[in-house]
Amino acid sequence: MLMNHIRRIAVFLTVLIMAAGSLFCSSPVDYSDQDNWAYYGIGEGKDADLFLICPTVDMGTDGNLNMSMDDEKVKANFTGALNMEKGIYEDSAVMYAPFYRQIVFPLYLGSEEDMKPYLDIAYDDVSAAFEYYMENINDGRPLILAGFSQGAQHALRLLEDYFDDPEYNDLLVAAYCIGWRITAEDLERSPHLKMAEGEDDTGVIVMFSTEAPEADSSIIVPEGIRTLGINPLNWRMDSTPADRSLNIGACFTDYSGAITGEIPNLTGCYLDEDRGTLKAVDIIPEDYSNSLFPDGVYHLYDYQFFFRNLEENVRTRLESWQEAHS
């Protein structure tokens, strides 16, 4: 089923690459211009800052391989996708989120080698925005770093490139890199990276990728790769099951950020011993079908299934950071 799904989109990918012909080029993005931020200082009187990186919203239907900073329709979707996540963080942090030339979705169906030059363009923007934020805005405030999907991929790279600096690392409340993967080999290459081991440790990576018990591969965690992660219901790194009664509330949000539906105790979950992915139980895969992923790959619901638990955890880790720095 997964291979058939991949083949359908791979045809589209091949057409895109042939049409593009060369790397997308334009002038570097000027992040001193607030128009180049989807969020810039949103919220007042909060105890921390949030640097939030958007997931993939550009489907590449115009033949582009990186999002155009002049495409107002896609930028509206970009802001909408951020709005769907903001409720997890907005009560705790002043929010910043840069527009950036993200790669389009079909590139994820190709090889990492083919993807790399376009992914580097996207990351260069994220990195430039982060440098601007740290040099001109942060001023020693506690920092929550967050991203979902492609956003989590870029957030991990920021952690690798910047947070070996003790001054940066000391500011980090946590990095919520949800809907991506990290391996033991990644940690060996960057020993300053630390995975969350409980509900209140700080300076750590909070990560999981959700799927049905029978799922054995996805474009997020391909077959043969074992990711590391933590269970957002019991905050354990092992396969101990978390009952659905621990799930405070799954929240389904729209592009305005409004909660369109909330279901307490929707699903329990456990970490798979072999894949390291988060296995959601108590739900029927077909009930969460979508056009981008096969049934049983719950990538689009990673944060929605566990919304209230994540919201609570952001507060818990920030309080822990504040106590350690008081």
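Details
- Check on Asp62, at pLDDT 95 or above, closer than 27 Å to Tyr255 by Cα and among the acidic types (Asp, Glu): no
- Flag if Ser218 is buried (at least 16 other Cβ atoms within 10 Å of the Cβ), in contact (Cβ under 8 Å) with a residue 60 or more places away in the chain and closer than 26 Å to Leu82 by Cβ: yes
- One residue from Tyr96, Tyr108 being crowded, with 19+ Cβ neighbours inside 10 Å, among the hydroxyl-bearing types (Ser, Thr, Tyr), more than 14 Å from the chain's Cα centre (by Cα) and over 24 Å from Glu311 (Cα atoms): Tyr108
- Scanning the range 25-69 for residues that are assigned to a strand (DSSP E or B), of a type in the set (A, V, I, L, M, F, W, C) and in contact (Cβ under 8 Å) with a residue 60 or more places away in the chain turns up Trp37, Ala38, Ala48, Leu50, Phe51, Leu52, Ile53.
- Being polar (S, T, N, Q), in contact with a strand residue (DSSP E or B) (Cβ under 9 Å, 6 or more places away or on another chain) and either surrounded by fewer than 21 Cβ atoms within 10 Å (Cβ to Cβ) or within 19 Å of Val221 (Cα to Cα) (or both) holds for only one residue in Ser320, Ser326, Ser289, and it is Ser320.
- Count of residues meeting criterion [touching a strand residue (DSSP E or B) at 6+ places or on another chain (Cβ under 9 Å), closer than 18 Å to Gln153 by Cβ, of a type outside the set (Ser, Thr, Tyr) and not in a loop (DSSP other than H, G, I, E, B)] in the range 173-197: 6
- Pair list, Cβ under 8 Å, 6 or more apart: the range 308-326 residue touching a residue at least 12 places away in the same chain (Cβ under 8 Å), other residue among the basic types (Lys, Arg) and outside any helix (DSSP H, G or I): none
- Conditions (1) within 17 Å of the chain's Cα centre (by Cα); (2) β-branched (Val, Ile, Thr); (3) under 15 Å from Thr277 (Cβ atoms): number failed by Ile225: (1)
- Among the residues of the range 275-283, at least one is of a type in the set (S, T, N, Q) and either modelled with pLDDT of 95 or more or under 30 Å from Asp170 (Cα atoms) (or both).
- Here Ala93 meets each of (1) in contact with a Pro (Cβ under 9 Å, 6 or more places away or on another chain); (2) closer than 20 Å to Phe293 by Cα with one exception, condition (2).
- Count - residues of the range 61-76 that are among the polar types (S, T, N, Q) and surrounded by fewer than 17 Cβ atoms within 10 Å (Cβ to Cβ): 2
- Which numbered condition Ile103 misses (of (1) over 30 Å from Lys46 (Cα atoms); (2) in contact (Cβ under 8 Å) with a residue 40 or more places away in the chain; (3) surrounded by fewer than 22 Cβ atoms within 10 Å (Cβ to Cβ); (4) of a type outside the set (Ser, Thr, Tyr)): (3)
- Strands (runs of 3 or more DSSP E) fully within the range 205-305 counting 1 or more residues that are touching a helix residue (DSSP H, G or I) at 6+ places or on another chain (Cβ under 9 Å) and of a type in the set (Gly, Ala, Ser): 250-253, 278-280
- Which numbered condition Asp201 fails, given (1) free of Cβ contacts under 8 Å to residues at least 12 places away in the same chain; (2) part of a loop (DSSP other than H, G, I, E, B); (3) on the phi < 0 side of the Ramachandran plot; (4) not aromatic (Phe, Trp, Tyr): (1)
- Test: Arg244 is among the basic types (Lys, Arg) and over 23 Å from Gly147 (Cα atoms): yes
The values are calculated or read from the model by the stated rules, or taken from the named source; none is laboratory data. Because the structure is predicted, anything quoted here is derived from the model rather than measured. When we count neighbours, we look across all protein chains shown, and the Cβ atoms used for this are built from the backbone with ideal geometry, even at glycine.
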